[in-house]
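These notes are about the structure you will find just below.
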Amino acid sequence: MAPHRVGIIGFGKIAQDQHLPAIRANPDFELLAVSSQRGLSPEDAKYTFVDYREMLKLPDLDAVAICTPPQVRHDIAKQALQAGKSALLEKPPAATLSELEDLKRIASSARKTLFTAWHAQHNDGVDAAAKALQGQAIKRLLITWKEDVRQWHPGQQWIWQAGGFGIFDPGINALSILTRIAPQPIFIKQATLEFPANRDAPIAASLVFASGSVGEDLRAEFDWRQTGPQTWDIEIDTAAGQHLLLTKGAARLEFDGKVVVDETPAEYTGVYQQFDTLLKAGTSDVEDMPFRLVADAFMIGKRVPVEAFED
Ligand code: NAP
C-alpha cells in the first residue's frame, strides 16, 4: 500500500522534536507538506505553505497532523476534514469539549479518520500497568507531575493564556495514562488551581479523585515551578496489596518493587503506528476522558492567586 501523504500544520517544538522524526522513520508515511506561519520548512517536505488553507487544497494530501496550540485546533481540524483530509490532533485535542464533539461529528459525516493522539499512552509501562490493574480496585493513587516550565515551554505565551490550560498542558498526559490504566471510572472530587497574579492559566494544581471504593485516597499534584529534573511519576496501591510505580512518564514500571518495564521512551513511534492502523481501517479514535477530567477540574476547582510568574 502506498504511504499516507501527510502534512504538518504548525512547525513548533513538538512538530520538530517528535512528529518530523516519527514520520521520517515510518515507511507508512511520506512527509508531503509543512505549513508554518513563520515560513519554516524541513528540506524533505515537498511543499511548504505559510497558510494552512493553501496546503489543504493539495489533492495528494491524505492527512494532517495539527501541532498548533489548542486554541486554534478546532477551526483548523474542521477545515481539514471538510477538505477531505484525515486529522491527527495533538493533545489537548481542542479548546473545549463541545469543539471536540463537533469534530467527531464532522469526521464521521466526511468519513475521514480523526485521531486524538495521547502520546503518553504509548509508553510501554501503560499497557503493562493496565493489565496488572485489571479487575483490581485502586486504594491509593498519587500522581506527581512536576517540571520546569522554562525548560519545557521556553517563551511559549499561549500556554499562559485562557484556553492554553497552563499546568494541565503537561498534566493531561498523566490523566491520559490514568484513564487508560484505571480499572474503574475516575472522577474529579476536588481541585485547587494556583493562578499566578499576571497569568490566565494555572501554574500548579492539586486534584482529589473518586472512583467509588471505600477508604480510597486518590490524588494528583501538578506543578510547573520545579527546577532541575522533572518528576513524572504515578504510584498506585491496590486493595489487594499490590504496589505499582510508573516513572519516567510511564516508560518504567515497577510492580511490587520489581522492575518489569524500563524502556527508552518512543511515544511518537507508537502514535504514528496507531495513526497508520486507523487510516488503513478508515476508522477514528476520539478519546475524550483525559480532556473531560481537565474540564471538570476547571469547573469545580477552587482558584488560588499566587506570586506572578515571569519567563
Ligand atoms: P509551540 O512550540 O508554540 O508550537 C506551536 C506552533 O503552532 C507555533 O510555533 C506556530 O508554528 C503554530 N501556531 C501558533 N499559533 C498558531 C495559529 N494561531 N494558527 C496556526 N498555527 C499556529 O508549541 P508546542 O510545544 O509545539 O505545542 C504544540 C501542541 O503540542 C500543544 O497542544 C502541546 O500541548 C502539544 N505538545 C507539546 C509538547 C512539548 O513538549 N512541547 C509535547 C507533546 C505535545 P508556525 O509558526 O510554524 O506556524
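Can you tell me which lysines have their Cα less than 17 Å from the Cα of K189? Leave out same-chain residues fewer than eight positions away.
Correct list for K189: K139, K302.
Given a Förster radius of 45 Å and the C-beta distance between K131 and D75 as r, what FRET efficiency does 1/(1 + (r/R0)^6) yield to the nearest 0.05?
Efficiency at R0 = 45 Å is approximately 0.70.
Given the C-alpha atoms of region 4-116, compute the convex hull and give its volume per residue in Å³.
87 Å³
Show me, bin by bin at 5 Å from 0, the whole-percent P(r) of region 174-311 based on Cα pairs.
With a bin width of 5 Å, the distribution comes to 2, 8, 14, 17, 18, 17, 13, 8, 3, 0, 0.
In deg cm²/dmol, rounded to 500, what helix-only [θ] at 222 nm does the chain give when every DSSP H run of at least 4 residues adds -39500 (n - 2.57) and the total is split over its residues? Mind showing how you got there, number by number?
On the way: 9 runs with 89 residues, N = 311.
Roughly -8500 deg cm²/dmol at 222 nm, from the helical runs in the chain.
Short version: ³J(HN,Hα) in whole Hz for each residue of region 108-124, in order, from phi by Karplus 6.51 cos²θ - 1.76 cosθ + 1.60 (θ = phi - 60°), x for Gly and Pro, what are they?
5, 6, 7, 6, 10, 7, 10, 10, 7, 8, 8, 4, 5, 5, 8, 7, 5
Once each part is reduced to its C-alpha centroid, what is the distance from region 226-259 to region 124-144 in angstrom?
9 Å
Hey, in the GNM for the chain with a 10 angstrom Cα cutoff, which one of F222, F29, F275 fluctuates hardest?
F29
Compute the separation of the alpha-carbon centres of region 10-28 and region 158-178 and state it in Å as a whole number.
21 Å
Projected onto the charge dipole of the chain (+1 at Lys/Arg Cβ, -1 at Asp/Glu Cβ, origin at the Cα centre), which of H74, A117, A197 gives the Cα projection farthest towards the positive end?
Among H74, A117, A197, the one farthest towards the positive end of the dipole of the chain is H74.
When only the heavy atoms of the protein chains count and the probe is 1.4 Å, how do F49, F11 rank by accessible area, highest first?
Ranked from most to least accessible, the order is F49, F11.
Sticking with the crude label model, points 7 Å out along Cα→Cβ, report the distance from M289 to T264 in nm, one decimal please.
Reported label-point gap for M289 and T264 is 3.2 nm.
Hey, what does the equivalent ellipsoid look like for the chain, semi-axes from the Cα gyration tensor as sqrt of 5 times each eigenvalue, largest first, whole Å?
32, 23, 18
State, to one decimal in nm, how far the label point of D296 lies from the label point of S109, with both points 7 Å from Cα in the Cβ direction.
Here the answer is 3.0 nm between the modelled labels.
Please check: in the Gaussian network model of the chain (C-alpha springs, under 10 Å), which one of E30, E90, E43 has the largest mean-square fluctuation.
Fluctuation is largest for E43.
So how much slack lies between T231 and D200, counting 0.36 nm per residue of separation and subtracting their Cα-Cα distance, in nm? Working shown, then result.
On the way: separation 31, 0.36 × 31 = 11.16 nm, distance 2.44 nm.
Working it through step by step, the gained length comes to 8.7 nm.
Test of understanding: in a Gaussian network model of the chain with alpha carbons linked when under 10 Å, which of A182, A137, A25 would top the mean-square fluctuation ranking?
A25
Suppose each label sits 7 Å from its Cα in the direction of the beta carbon; what would the R150-E101 distance come out to in nanometres?
4.2 nm
What's the extension gain from A162 to M1 if we count 0.36 nm per residue and subtract their Cα-Cα distance?
53.7 nm
The values are calculated or read from the model by the stated rules, or taken from the named source; none is laboratory data. Not measured: the values here are computed from a predicted model. Positions of Cβ are generated from backbone atoms using ideal geometry, with glycine treated the same way; all protein chains shown enter the neighbour counts. Side chains included, ligands, DNA and RNA excluded: accessible areas come from the protein's heavy atoms. Shrake-Rupley method; radii C 1.70, N 1.55, O 1.52, S 1.80 Å.
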